[in-house]
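Here the structure is laid out as structure tokens; the discussion comes afterwards.
The values are calculated or read from the model by the stated rules, or taken from the named source; none is laboratory data. Worth saying up front: this structure is predicted, and the values here are computed from it rather than measured. Here the Cβ positions follow ideal geometry from the backbone for every residue, glycine too, while neighbour counts run over all protein chains shown. SASA here: full protein model, heavy atoms, side chains in, ligands and nucleic acids out. Shrake-Rupley method; radii C 1.70, N 1.55, O 1.52, S 1.80 Å.
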Amino acid sequence: MPTLFIMDITATVNDIDELGHVNNAVWVKWIQDVATAHWMAVADPAHVDAYIWVVTRHEIDYRGNVQAGETVTARTWIGEPPRGARFDRLMEFVGEDGKVKVAARTTWAIIDRVSGRILRVPKDVAEPFLA
């Protein structure tokens with residue numbers, strides 16, 4: 001069973017677009033914020049110092065709207081072991097009504113901080129997220 005990470009986010013007036021709900025660009029930022037928080041909470045500090053993650057792909061399904069003052073619960077997990085330098089992260093943002101407002105699959109690649117090069121995800125880096 002993968003490690004599930006949960007984080008609550010409350011939309012502010014600055015997150016709202018001209019349609020009166022959370023802007024699509026804000027959802028992308030929240031995806032990155034939640035992914036980063038998951039990495040920081042679970043990864044070995046030595047791995048945080050050694051590696052950087054970059055997004056190579058976002059696939060996002062917008063299923064509902066969120067307005068200022070409303071809170072969503074972000075749930076993220078790594079569903080499958082990495083493939084080479086990449087792995088897919090799954091994420092859902094669930095509204096106060098219990099419905100998924102946004103679902104995403106994002107692909108991330110690992111980079112060595114010192115060399116700046118992409119590398120295969122080391123087994124010991126992936127294990128805590130898959131346990």
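For Rg and Dmax of the Cα atoms in Å, which listed value, (1) 13.6, 39; (2) 15.5, 46; (3) 15.2, 53, comes from the coordinates shown?
(2)
May I ask you to give the solvent-accessible area per residue for the chain, in square angstrom, as obtained with a 1.4 angstrom probe? Walk me through the numbers on the way to the answer.
Details: 7320 Å² over 131 residues.
On a per-residue basis, 56 Å².
In region 1-65, if every C-alpha pair distance is counted and binned at 10 Å from zero, what percent goes to each bin?
16, 43, 30, 11, 1
Arranged from highest to lowest average of other beta-carbon atoms within 10 Å per residue, in what order do the peptides 7-14, 112-119, 59-66 appear?
On the way: 7-14: 12.6, 112-119: 10.4, 59-66: 14.4.
In descending order of packing, they fall as 59-66, 7-14, 112-119.
Check cross-link reach from residue 29 to the lysines: straight Cα distance under 21 Å, and skip same-chain residues fewer than eight apart.
99, 101
Cα centroid distance between region 12-75 and region 92-125, in Å?
Cα centroid of region 12-75 versus Cα centroid of region 92-125: 10 Å apart.
How many percent of the accessible area of the chain is carbon or sulfur, using a 1.4 Å probe? Please list the in-between numbers first.
Working: 3750 of 7320 Å².
Accessible surface attributable to carbon and sulfur in the chain totals 51 percent.
Using Cα atoms only, what is the angle between the long axis of helix 24-42 and the major principal axis of the chain, expressed in degrees (0 to 90) to the nearest 10?
40
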